[in-house]
Amino acid sequence: MTRNLPPSASVATPLEDAKLHAPSAARNADAIAAVLQDHAPSRGNALEIASGTGQHVVTFAAVLPDLSWQPTDIDPLRLRSIDSYVRSSGLQNVKPACLLNAASDGWAAAYAGQDLIVLINLLHLIPARHARTILIQAAQALAPAGTLLVYGPFAQDGVLKSAADQRFDAELRSADADIGYKDTRDMQRWFVDAGLTAAPQEMPANNLVFIARKPAL
């Protein structure tokens, strides 16, 4: 999963001890954590795909301490940042970050039995074919009755809700014609194809979060 992205798409500033700071993660971590508190299982195994800097996973692990969290990313610099945030937090329910290309086929077997999978701000940065692969593999990695949470900016029934979204989507597509905002209509179809039922929920700044469920046995 390679990405040809404009500079505004993935801003992270270096800090001490290998940490990276993403302003977007600082802004949305608490709002996403509140959704997780309402919809996530209270205990079990949790996998975060494309964990980025690590700011999200330490926030989520703190409010859901009975989940065992596995952060992942494709970027070694971000893996080091994640582990640094975890060390500084003192949390005992977060495992060392793992290298994972979630757009590749077959990874679900190595991460089977997840009660919760979290994916934040990735799908607009990758082609549709990779987004579909991620959803299919995530569904396979979920335990029966498991939950997949997908957060980010989306076109809603073909409409970009704000001028800022229109500019950002155009910027992404000018850098790579295969990427850009995914549409809610496509997302619903892809969830069904993956064997999940999903419902979107409005979030701040015109973002959406999809809460997707895998059927119980």
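The values are calculated or read from the model by the stated rules, or taken from the named source; none is laboratory data. Because the structure is a prediction, the values reported are computed rather than measured. Cβ atoms come from the backbone with ideal geometry, glycine included; neighbour counts cover every protein chain shown. Remember, those area values only see protein heavy atoms, side chains included, never the ligands or the DNA or RNA. Shrake-Rupley method; radii C 1.70, N 1.55, O 1.52, S 1.80 Å.
The residue that is modelled with the lowest pLDDT, among those in region 169-194 that are closer than 15 Å to residue 126 by Cβ and in a helix (DSSP H, G or I), is 175.
Tallying residues that are touching a strand residue (DSSP E or B) at 6+ places or on another chain (Cβ under 8 Å) and exposed (fewer than 13 other Cβ atoms within 10 Å of the Cβ) within region 166-175 yields 0. The residues of region 107-160 that are touching a strand residue (DSSP E or B) at 6+ places or on another chain (Cβ under 7 Å), aromatic (Phe, Trp, Tyr) and either at pLDDT below 95 or outside any strand (DSSP E or B) (or both) amount to a single one, 111.
There is no residue in region 176-191 that is among the hydroxyl-bearing types (Ser, Thr, Tyr) and either in contact (Cβ under 8 Å) with a residue 60 or more places away in the chain or open to solvent by 50 Å² or more (accessible area, probe 1.4 Å) (or both). Scanning region 67-96 for residues being open to solvent by 20 Å² or more (accessible area, probe 1.4 Å), of a type in the set (Gly, Ala, Ser) and touching a strand residue (DSSP E or B) at 6+ places or on another chain (Cβ under 9 Å) gives a total of 1. Do we have any residue at all in region 204-216 that's open to solvent by 20 Å² or more (accessible area, probe 1.4 Å), touching a strand residue (DSSP E or B) at 6+ places or on another chain (Cβ under 9 Å), under 21 Å from residue 11 (Cα atoms) and not in a strand (DSSP E or B)? Looking through region 204-216, at least one residue is open to solvent by 20 Å² or more (accessible area, probe 1.4 Å), touching a strand residue (DSSP E or B) at 6+ places or on another chain (Cβ under 9 Å), under 21 Å from residue 11 (Cα atoms) and not in a strand (DSSP E or B).
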